[in-house]
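The structure appears below as C-alpha cells.
The values are calculated or read from the model by the stated rules, or taken from the named source; none is laboratory data. This one's a predicted model, so the numbers in the text were calculated from it and none came from an experiment. FYI the Cβ positions are ideal-geometry reconstructions off the backbone, even for glycines, and counts take in every protein chain you see. These accessible areas exclude ligands, DNA and RNA; they are computed on the full protein's heavy atoms, side chains included. Shrake-Rupley method; radii C 1.70, N 1.55, O 1.52, S 1.80 Å.
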Amino acid sequence: MAKREPFDLTGPTNINLLEACTIGVVAAIGAVLLKDGVGFLGAWRIAGVDYANANFGQGHFLFLPLVGLLGGTIAGALIQYVAPEATGSGIPQVKAAIMGVPQDLGLRTAAVKLISCVVALGSGLSMGREGPTVQLSAALSAKASELIRSSPKHRAQLIAAGAGAGLAAAFNAPLAGALFVLEELIGRISGFTVGTAVVACFMAAVLSRLVAVHS
C-alpha cells in the first residue's frame, strides 16, 4: 500500500472541549471493559481451580494448562482469521497510524483486541495490558472521531489523546497518560495537542473512578 502523507501534528491552539471529552469517555469505556473482563475471567479461573481440587483429586493439575491452551487458541484464532491487524502489543500500530502509515483502526480491530486480550489474560497467559489498552482505546477514538466528524487534520491528535486516555483510565494515571501522548506518540508539543491530551486523559480517569476502577 502506498504511504499516505503524515497527519498535520501541529494543529491550532484552540481545542474543542466536546471532542476531547468524547474521546476521553470512549477511551475509558474500552479500558474499563478490558480491565473488568480480565478480572472476571481471572476470578472464574481461580474458582475453577478450587472446583477441580475438590472434585478431581490428582487430576486438578491439568486444569490451568488446559485453560491456558484454550484461551491461547481462541485468542490466536481471532487474530489470525478475523483481524490480523490486532497482532502484537498495539503501540507500534498506533504510532504508525498517527504518522500516516495505513492502519486499520476501527471497530473490528477494537473488538478483536478486546476479546482476544480478555481471553488470553483471563486464562492466565503471560502478557501485559498496557499495549492492548493503547490500541483498543486508539481504535475506538479513531471511530469516534469519524462519527463526530472531526477535521481530518485533527484526527491524529484525537487518536493519540484516546490512546493516552485509555492508559489514564486503566491505571488511574491521567498525568502519565498525557505524557505518554506527548513523548511517545506525538513527539512534539502544541497547544492543541497538550490541551486535547490533558482533557481527554482527565475525563477518562474521572470516569474510570466513577465506575470503581481503582488501580
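Worth a mention:
- Ranked order, PHE202, PHE192, PHE61, PHE180 - accessible area, probe 1.4 Å, largest first: PHE61, PHE202, PHE180, PHE192
- The chain: relative contact order as a whole-number percent, Cα under 8 Å and 6+ apart: 33
- For the chain, the longest principal axis of the Cα atoms and the long axis of helix 191-210 meet at an angle of about 30 degrees.
- The percentage of C-alpha pairs in the chain whose separation is greater than 28 Å is 30%.
- With the helix formula -39500 (n - 2.57) applied to DSSP H stretches of n ≥ 4, the chain reaches a computed 222 nm mean residue ellipticity of -22500 deg cm²/dmol.
- Looking at the range 62-126, the pairs of alpha carbons with a distance over 18 Å make up 39% of the total.
- Ordering ALA139, ILE115, SER89 by Cα displacement along the dipole of the range 72-150 toward the positive end leaves ALA139 in first place; charges were set at the Cβ atoms of Lys, Arg (+1) and Asp, Glu (-1).
- Taking the range 114-147 and a reference point 7 angstrom along Cα→Cβ of PHE61, no backbone N atom is nearer than 17 Å.
- For the set SER151, SER141, the ranking by accessible area, highest first and with no ligand, DNA or RNA atoms included, is SER151, SER141 under a 1.4 Å probe.
- Highest-first arrangement of 166-175, 153-162, where packing means the average Cβ count within 10 Å: 153-162, 166-175
- Accessible solvent surface per residue of the chain, calculated while the other protein chains remain in place, 1.4 angstrom probe, Å²: 49
- Student exercise, the range 84-215 dipole from Lys, Arg, Asp, Glu Cβ charges, in Debye to nearest 20: 240
- GNM top mover of SER137, SER145, SER190 - the chain, alpha-carbon springs below 10 Å: SER190
- Solvent-accessible area of the range 58-215 (1.4 angstrom probe, protein heavy atoms only): carbon and sulfur portion equals 67 percent.
- Here the range 80-171 yields Rg over Rh of 0.97, to two decimals, using C-alpha coordinates and the Kirkwood radius.
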